[in-house]
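Report on the structure given below.
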Amino acid sequence: MSIRKRKWTTAKGEAKTAWVVDYKDQNGVRALRTFNKQSEAKEFETTMRGEVRDKKHVVRSKSLTVAEAGKEWLKAVAHGRGERGPAEASTLRQYKQHVDDYIEPMLGAEKLSDLSKADVTKFRADLLAKLSRAMAKKVLQSLKGILSEMQHQDQVAVNVAATVQIGTGGRHKEDVVVPSISDIKAILAKLDELAAQANKRWAAAWVKRRAFLATAVHTGMRASELRGLPWASVDLKGATIEVRQRADEKGKIGPPKSKAGRRTINIPAALVAILREWKLRAGGHDLVFATEEGNAESLANIFNRAWKPIQIEAHICEPKRDGAGDIVKDEEGAPVMEPRYNFHALRHFHASMLIADNANPKEVQAELGHSSIQVTYDLYGHLFSDEDAGRRRQERSERLAGLLG
């Protein structure tokens, strides 16, 4: 293993100098790497020695490009990695968009062996120059996922993107939209009204929709978890729901998003009564909120037949506006109304209620099934407060000062 200086003259008579690292990889195969500067050659030699020792070195000629690595990552995501099951179709589409629209055009030709933290830092800056902060963060996270998978496949020794961050604190914090208690009360009241209406056909439809939406409000379960919820996981006597499966975008039943997604949630008596009433009319299907054929309800049906109309019925809506900011009107000249919240807002509402009732971050993480406590803090950190924190800090400063006499 050596570093040697190489000099030559080009056809145009220009004197050139380079530094060549001559070494053998962990399999005893000879390899060469050429650098413009001696310092770069020495830095590579130091890194390479450690990788060869750990049997993780990849010779440049055999290294994948970032574009090739992206394709390998998408395959891994589609089939499931580690404790995670296969990604939902919608998630996979989002990842593929990140690779196709940003990662491959901007970094695709780079060899993994050549990719440095400086390259990733520049990539981060370029993303922020053209995308919203939230979107740029998602694309960067996908690049980290690619490199993490390449570590798993022994294509790289180190994830050079691991410490490159796009923060969301301070003025860039994008708080989640949490429905107000008054809005949720209005929605629940309207659900009760529609489920008790004189028209039996419509009342029956709204009994099911009330059960679905009330379960979302009182448990914070994901839409996929609600759609895939089996009656076998609902203990009406014990007042609990066990989350053990979900339905993907196409209605296919599979495991929760992560190991943490498997959890048991206590439910209030009011929800037990609603579910008990719905069970008498549910048709004997395995799934709690099944279609007439026994399949999982589609996301589109949930939004268009339940979540959107109940908000408009309860006047939890806003006038729709066009690109110029003008109110859109229907054929009769009345404003076209749009729902105020997306469905995921019910999950945020449940989290906010837990926090308001003094649940600690670990309790919120467990009930919502977050894969890590960091996810909980990223989403809801601004909702946690500690009125005694100032007093404790002051007492601590006095104690520490006391140790000094």
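The values are calculated or read from the model by the stated rules, or taken from the named source; none is laboratory data. As the structure is a computational prediction, the values presented were derived from the model and not from experiment. So basically every Cβ, Gly included, is an ideal-geometry build from the backbone, and we count neighbours across all protein chains shown.
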- [ ] Report yes if Ala306 is in a helix (DSSP H, G or I), surrounded by 14 or more Cβ atoms within 10 Å (Cβ to Cβ) and touching a Gly at 6+ places or on another chain (Cβ under 6 Å), otherwise no.
- [x] no
Task: Any chance Ala270 is closer than 25 Å to Lys308 by Cβ and either in contact with a Lys or Arg (Cβ under 9 Å, 6 or more places away or on another chain) or loosely packed, with under 15 Cβ neighbours inside 10 Å (or both) - done: yes
Open item on the list: Please determine whether any residue of segment 59-67 is in contact with a helix residue (DSSP H, G or I) (Cβ under 6 Å, 6 or more places away or on another chain) and surrounded by 12 or more Cβ atoms within 10 Å (Cβ to Cβ).
Closed with: yes
- [ ] Check Met337 against each of (1) touching an Asp or Glu at 6+ places or on another chain (Cβ under 9 Å); (2) more than 26 Å from Glu225 (Cα to Cα); (3) outside the structural domain of Arg210 (by TED's automatic domain parsing) and name the one condition it does not meet.
- [x] (3)
Open item on the list: Against the condition at pLDDT below 95, among the basic types (Lys, Arg) and out of contact with any Cys (no Cβ under 8 Å at 6 or more places or on another chain), how does Lys237 come out, does it pass?
Closed with: no
- [ ] Evaluate segment 361-372: report whether one residue or more is basic (Lys, Arg) and free of Cβ contacts under 8 Å to residues at least 40 places away in the same chain.
- [x] yes
Open item on the list: Could you go through segment 143-151 and let me know if any residue there is of a type in the set (Val, Ile, Thr) and touching a Phe, Trp or Tyr at 6+ places or on another chain (Cβ under 6 Å).
Closed with: yes
Task: Evaluation of Leu143 against (1) closer than 28 Å to Phe44 by Cβ; (2) out of contact with any helix residue (DSSP H, G or I) (no Cβ under 8 Å at 6 or more places or on another chain) (one fails), failing number - done: (2)
- [ ] Report yes if Lys190 is without any contact (Cβ under 8 Å) to a residue 12 or more places away in the chain, more than 24 Å from the chain's Cα centre (by Cα) and over 19 Å from Val99 (Cβ atoms), otherwise no.
- [x] no
Task: Flag if Ala282 is under 23 Å from Lys200 (Cα atoms), among the hydrophobic types (A, V, I, L, M, F, W, C), modelled with pLDDT under 95 and out of contact with any Gly (no Cβ under 8 Å at 6 or more places or on another chain) - done: yes
- [ ] Give the residue that is surrounded by the most Cβ atoms within 10 Å (Cβ to Cβ), with candidates limited to residues of segment 189-245 that are of a type in the set (Asp, Glu) and closer than 14 Å to Ile265 by Cα.
- [x] Glu225
Task: Where a residue in segment 269-292 is touching a residue at least 12 places away in the same chain (Cβ under 8 Å) and its partner, wherever it lies, is part of a loop (DSSP other than H, G, I, E, B) and of a type in the set (Asp, Glu), with Cβ under 8 Å and at least six apart - done: Phe289/Glu297
Task: Wholly within segment 108-227, helices (runs of 4 or more DSSP H) carrying at least 2 residues that are in the same structural domain as Lys259 (by TED's automatic domain parsing) - done: 181-195, 200-219, 223-227
Open item on the list: Looking at (1) within 30 Å of Ala78 (Cα to Cα); (2) loosely packed, with under 13 Cβ neighbours inside 10 Å; (3) modelled with pLDDT of 95 or more, which one does Ala300 not meet, given that it meets all the others?
Closed with: (3)
TODO: Scan segment 128-140 for residues that are out of contact with any Leu (no Cβ under 6 Å at 6 or more places or on another chain) and modelled with pLDDT under 95 and jot them down.
DONE: Leu128, Ala129, Lys130, Leu131, Ser132, Arg133, Ala134, Met135, Lys137, Lys138
TODO: Look at Lys250 and say whether it is farther than 16 Å from Thr219 by Cβ, in contact with a helix residue (DSSP H, G or I) (Cβ under 8 Å, 6 or more places away or on another chain) and modelled with pLDDT of 95 or more.
DONE: no
- [ ] Identify all residues within segment 146-172 that are charged (D, E, K, R) and touching a helix residue (DSSP H, G or I) at 6+ places or on another chain (Cβ under 6 Å); write none if there are none.
- [x] Glu149
TODO: Mind listing whichever residues of segment 3-58 are hydroxyl-bearing (Ser, Thr, Tyr) and at pLDDT below 85?
DONE: Thr34, Thr47
